[in-house]
Structures are given as C-alpha cells and as structure tokens.
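Report on one structure; see the data block that follows.
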Amino acid sequence: MLNYIWLGLIVIGIAVAVRSDWRDISTNKYHNGEEIETLIQLSNNPTLPLTSSQTYPCTLIYSEALGITQQAELIVGSNNSGVLHIFMDDNTPPLWREVYKIQKNEKYLLAHVTLGGIEGQTVHCKMVFDPVKFVKLNAVTNDGIIKYAKIAVELALGLIGIMALWLGIMKIAEQSGLIAKLASALKPVTTRLFPDVPADHPAMGAMIMNISANMLGLANAATPLGLKAMEELNKLNKKLGTATDAMCTFLVINTSNVQLIPATVIAIRASAGASNPTDIIGPVIVATTVNTIVGVVTVKLLSRLKVFKKQIQPNV
Amino acid sequence: MSDIIINIVSTISVVAIPGLILFIVVYGVIKKVKIYEAFVEGAKEGFNVGVRIIPYLVAMLVAIGIFRAGGAMELLAKLISPLTNFINMPAEALPMAIMRPLSGSGALGVMAETIKANGPDSLIGRMVAVMMGSGETTFYVLAVYFGSVSITKTRQAVPAGIIADIVGILMSVWIVNLIFG
C-alpha cells in the first residue's frame with residue numbers, strides 16, 4: 001500500500017509539474033523574449049549624456065494609465081544597452097512578482113534595456129526579462145527534492161536528544177516497576193485493543209504512556225514513547241519487517257490524533273483575535289473521538305481480511 | 001470561561017513534562033533503582049533510533065515535497081472540489097483537508113493563512129481549526145514509527161489510517177456546520 005502511495009506522490013507530482021511548465025511554454029506565459037516599450041524617468045537631474053557603467057536612480061513608468069510606476073536604478077552599458085534593477089512594491093504587476101521570485105535576486109527584479117531617445121529627463125527604452133522556463137520543475141528540484149531531503153535528516157537528528165531523554169526516563173520507570181503497574185491498571189482496555197500482547201508486557205506500558213502524552217498534547221514526549229512502544233512490540237514480532245496487528249492498531253490510534261486540547265490551534269486563534277479562542281475544543285474532541293473509534297474498528301475489521309492475514313503467516 | 005481554559009491548558013503544558021520526570025525519578029529512588037545508570041542505559045538507544053528513521057523519513061518527505069512543489073495539491077483540490085459542495089464544505093477549507101495528513105508544518109501554514117484571510121470566528125476559520133486539532137500528520141507518523149523498527153510491509157495500517165483521516169475531515173465539517181453554521 002505504502003508502495004503505491006509513494007509511487008503516486010512522485011509520479012503525479014512530477015507529471016503535474018511537467019504539464020504546468022508545458023502550458024507556460026506553449027502560451028509563453030512569461031513573455032520570454034518579448035520587448036516591452038517603457039519610459040524611464042531619471043531622478044536627481046544627472047549630467048547628460050549617460051556614461052557607461054554608471055548607476056542612475058530612476059522611476060520606471062510601465063503604464064501611466066494603470067498607475068504602474070516602479071522605483072528602479074539604471075546601469076548603463078555600452079551601445080545604448082543597459083541593465084535595470086526594479087524594486088518591488090505594492091504596485092508591481094503579479095507576473096513580474098513571479099519572475100522576481102524565480103530570478104532569486106535578493107532586492108530587485110532584473111531587466112535588460114535597449115535605450116532609445118532622451119527627452120529631458122525621460123528615456124525611451126525597450127525592456128526585456130531573461131527567459132523564464134520550467135518554473136515548476138525547478139520548484140520540484142529545489143523546494144521539493146533537495147529541501148525535503150534535508151528537512152528529513154534535520155527532523156530525524158533533532159529527535160535524537162529528546163529521544164535519548166525519554167528512553168532514559170522510560171528505563172527508570174521500567175526498572176522501578178512503574179510501567180508494569182500502569183499497564184495492569186489499564187488492563188481491561190488494553191487487552192481488548194491489543195489481544196496479541198501479554199497484559200504485563202513492557203509494550204503495554206509504553207503504549208499507554210504514548211497515548212497519555214498524545215492526549216495531553218505533549219508531542220515532544222509522545223513520539224519517543226511511541227517509538228519505544230514500537231520497539232517493544234517488535235520484540236513480539238515473529239516476522240520482522242512486517243507489521244503485526246498490534247502495531248497497526250497502535251499506529252492508527254496515533255495517526256487519528258487523540259489530543260484532547262489542541263494548544264497550538266488555540267494559540268493561533270487567540271493571536272488572530274478570535275472572540276473565544278477555545279470554543280473549538282468541543283468540536284475537536286467530538287471529531288477526534290469519532291475518527292479514532294472509526295480507525296480502530298476499521299483496522300480491526302481489515303485485520304480479518306485474507307490479504308492481510310496471509311502476510312503475517314511465517315511461511316509466506 | 002475561555003480565559004480559565006487557556007490558563008489550565010498552558011499550565012498543564014508547562015508543568016506536565018518536568019512533573020512527570022520528577023515523579024518517575026523519585027519513584028525510581030524509592031524503589032531503589034540505580035537511576036543514573038538506568039537512565040544512561042536507556043538513553044544510549046536514542047541515537048540509533050534517530051539514525052534508523054532517516055531513510056524512511058527521507059523517502060516519505062521527498063515524495064510529499066515533490067507532490068507539493070509541483071502544484072499537484074492545487075490540481076487535486078480542483079478535481080475534488082465538486083464533492084465539497086455535496087458535504088457542505090466551503091472550497092476555502094479544502095486545501096487544509098488535503099494538507100493535514102501530508103505535512104505538519106504545511107498544514108499549520110495553511111491554517112494560519114486561512115484564518116487570517118477569513119477571520120478566526122468565520123465558519124471557514126473554525127472549520128480549518130477543528131481539522132488541524134482533530135487530525136494528525138498521518139504519513140509522517142507512519143514513516144517514523146514503522147521506520148524505527150525497519151518495517152516496510154505495513155498491512156492494514158495505511159488504509160485504516162486514511163479512512164480515519166477522511167472520517168475526521170467529514171466529522172469536522174459536519175460538527176462545525178452544526179454548531180456554528
């Protein structure tokens with residue numbers, strides 16, 4: 001199942017990017033190679049004629065009728081050519097904004113200009129942007145593949161410290177008999193949820209700790225405790241590499257989120273000025289309870305299917 | 001009333017972890033456990049677990065990254081938008097429903113944006129908040145938990161997890177419409 005989802009995410013992701021880039025190219029969305037007639041209004045009364053490799057602050061008048069004027073600086077080159085650095089503001093046309101993002105120059109949008117006649121402070125010119133191609137495929141490479149590969153490692157390494165802390169604390173709780181005690185207290189519930197796990201097995205204690213931490217919204221503690229529980233459950237696994245029924249049930253309880261008080265959501269609502277930031281607690285509890293119950297029932301029912309049963313038989 | 005709840009919530013989240021650690025350590029001392037040795041012995045495993053999940057996390061996050069960056073999310077939203085009317089879900093809440101199981105930080109961003117655009121007390125604002133609170137980053141949890149014990153055959157966990165996610169979204173829409181609609 002995970003195989004198909006993985007394949008689907010990658011193939012669909014890239015296919016959509018290619019389709020979108022193909023459409024941009026065939027409609028020439030970014031007006032690649034098109035010259036735009038504009039006026040440049042030089043500031044501060046510079047001495048004329050314009051000298052090459054000199055920078056002149058100016059205002060670009062793209063369309064006076066639409067009120068699109070942009071602060072810019074003109075760097076004069078040889079043979080009436082030059083480079084224009086356009087500074088983005090609220091009036092910038094949306095398409096330019098996109099080109100600016102793609103160009104990745106920190107402060108300005110870069111355009112090449114061919115200078116025409118000068119009348120007073122006003123220069124007639126033809127402006128052209130560098131060709132913009134494969135926007136989405138570039139995004140897939142940089143924002144998708146490279147960035148997320150890095151994020152994955154950062155997340156995993158970031159877990160090490162907190163992981164070590166909770167595994168250490170859990171070891172103390174295990175040796176002092178606290179976990180066994182907790183497990184036996186919740187025996188009536190846990191033995192029904194996880195019939196394959198012995199009631200006094202350390203996995204029970206770890207799972208209970210994980211679920212309690214999740215309910216309280218302590219994500220930092222919940223993940224290490226959950227991984228500890230997985231490790232204990234794996235000790236009962238007769239076929240390594242394949243999930244047991246107990247693991248699947250435990251996973252679904254975790255993915256359906258049993259958090260009772262969504263602290264982050266409340267904080268964001270409060271900062272956005274909600275009249276009563278906590279009034280979503282009731283609905284959240286209802287939604288999360290129902291989806292957890294449905295998840296657990298589904299996972300139990302699915303475990304009876306032949307396809308899934310076959311996978312845990314030792315000879316297959 | 002709201003202030004009292006916020007107070008309780010913030011107190012719990014501050015007190016819970018130090019309190020729990022203190023309790024376990026003191027209980028260990030009472031039961032004559034060599035707490036320092038026990039802690040170090042347990043903590044040794046932390047590094048291994050962290051390193052073990054890297055390949056699984058890279059596989060999952062890169063696939064999700066490709067899906068997001070290429071614009072497939074927007075296309076998916078467009079494709080299933082006819083269905084949203086059917087369940088009384090405003091179209092603005094749909095990106096949140098798609099993002100929630102895929103990316104935690106992404107979902108948080110979408111929620112904050114949607115709340116800002118529509119107002120925290122609007123129906124849409126409340127709906128995305130409930131989706132955020134009642135959902136979980138399913139694919140991240142699957143990758144990390146199964147990855148930590150090197151499991152690749154996930155059996156019924158994935159379909160059941162996805163069904164639970166869909167039910168969670170439907171419930172969020174239904175209950176927010178019921179109470180605030």
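The values are calculated or read from the model by the stated rules, or taken from the named source; none is laboratory data. Everything numeric here is computed off the predicted structure, so don't read it as measured data. Neighbour counts run over all protein chains shown; Cβ positions are idealised from the backbone, glycine included.
Just a few scattered comments:
- With respect to (1) in contact (Cβ under 8 Å) with a residue 60 or more places away in the chain; (2) part of a helix (DSSP H, G or I); (3) more than 7 Å from chain A (Cβ to nearest Cβ), the lone exception for B:I64 is condition (3).
- Criterion violated by A:S271 - all others in (1) surrounded by fewer than 18 Cβ atoms within 10 Å (Cβ to Cβ); (2) of a type in the set (S, T, N, Q); (3) touching a helix residue (DSSP H, G or I) at 6+ places or on another chain (Cβ under 8 Å); (4) more than 8 Å from chain B (Cβ to nearest Cβ) satisfied: (3)
- Of the criteria (1) more than 7 Å from chain A (Cβ to nearest Cβ); (2) assigned to a helix (DSSP H, G or I); (3) among the hydrophobic types (A, V, I, L, M, F, W, C), which one B:M132 fails: (1)
- If only residues of the range A:1-47 that are outside any loop (DSSP other than H, G, I, E, B), in contact (Cβ under 8 Å) with a residue 12 or more places away in the chain and charged (D, E, K, R) are counted, the one that is surrounded by the most Cβ atoms within 10 Å (Cβ to Cβ) is A:D21.
- Any chance A:N237 is among the polar types (S, T, N, Q) and outside any helix (DSSP H, G or I): yes
- Test result for B:L94, in a loop (DSSP other than H, G, I, E, B), on the phi < 0 side of the Ramachandran plot and more than 8 Å from chain A (Cβ to nearest Cβ): no
- Test result for B:Y56, more than 8 Å from every other protein chain (Cβ to nearest Cβ) and within 30 Å of A:K171 (Cα to Cα): yes
- Whichever residue in the range A:64-76 is surrounded by 10 or more Cβ atoms within 10 Å (Cβ to Cβ) and in contact with a Pro (Cβ under 9 Å, 6 or more places away or on another chain) and, among such residues, is modelled with the lowest pLDDT: A:I68
- The residue list B:K31, B:K78, B:K116 contains one member that is within 30 Å of A:V135 (Cβ to Cβ), within 7 Å of chain A (Cβ to nearest Cβ) and surrounded by fewer than 17 Cβ atoms within 10 Å (Cβ to Cβ), which is B:K116.
- Candidate set from the range A:157-208 (those that are of a type in the set (K, R) and modelled with pLDDT of 90 or more); member that is nearest to the chain's Cα centre (by Cα): A:K171
- Hey, A:I211 assigned to a helix (DSSP H, G or I), more than 8 Å from chain B (Cβ to nearest Cβ), buried (at least 19 other Cβ atoms within 10 Å of the Cβ) and at pLDDT 90 or above or not: yes
- Test: A:D279 is without any contact (Cβ under 8 Å) to a residue 24 or more places away in the chain and of a type in the set (D, E): yes
- Residue check, B:G109 in contact with a helix residue (DSSP H, G or I) (Cβ under 6 Å, 6 or more places away or on another chain) and in a helix (DSSP H, G or I): no
- Answer from A:K150, A:K126, A:K107, A:K171 - the residue that is charged (D, E, K, R), out of contact with any Lys or Arg (no Cβ under 8 Å at 6 or more places or on another chain) and in contact (Cβ under 8 Å) with a residue 40 or more places away in the chain: A:K126
- Criterion violated by B:G147 - all others in (1) more than 18 Å from the chain's Cα centre (by Cα); (2) closer than 22 Å to B:L57 by Cα satisfied: (1)
- Number of the exception - B:F23 against (1) surrounded by fewer than 15 Cβ atoms within 10 Å (Cβ to Cβ); (2) at the interface with chain A (Cβ under 9 Å from one of its Cβ atoms); (3) modelled with pLDDT under 90: (3)
- Test: residue in the range A:175-192 that is surrounded by 17 or more Cβ atoms within 10 Å (Cβ to Cβ), more than 11 Å from chain B (Cβ to nearest Cβ), under 30 Å from A:L305 (Cα atoms) and aliphatic (A, V, I, L, M): yes
- Among the candidates B:V58, B:V40, residue that is of a type outside the set (S, T, N, Q), surrounded by fewer than 23 Cβ atoms within 10 Å (Cβ to Cβ) and over 22 Å from A:N3 (Cα atoms): B:V40
- When residues of the range A:217-266 are limited to those that are closer than 21 Å to B:I5 by Cβ and either aromatic (F, W, Y) or more than 8 Å from chain B (Cβ to nearest Cβ) (or both), the one surrounded by the most Cβ atoms within 10 Å (Cβ to Cβ): A:V258
- Total residues in the range A:235-255 satisfying the condition of being without any contact (Cβ under 8 Å) to a residue 40 or more places away in the chain and among the small types (G, A, S): the figure is 2.
- Taking strands (runs of 3 or more DSSP E) as the structural unit, those lying wholly within the range A:77-161 and holding at least 2 residues that are in contact with a Cys (Cβ under 9 Å, 6 or more places away or on another chain) and surrounded by 14 or more Cβ atoms within 10 Å (Cβ to Cβ) correspond to A:81-87, A:108-119.
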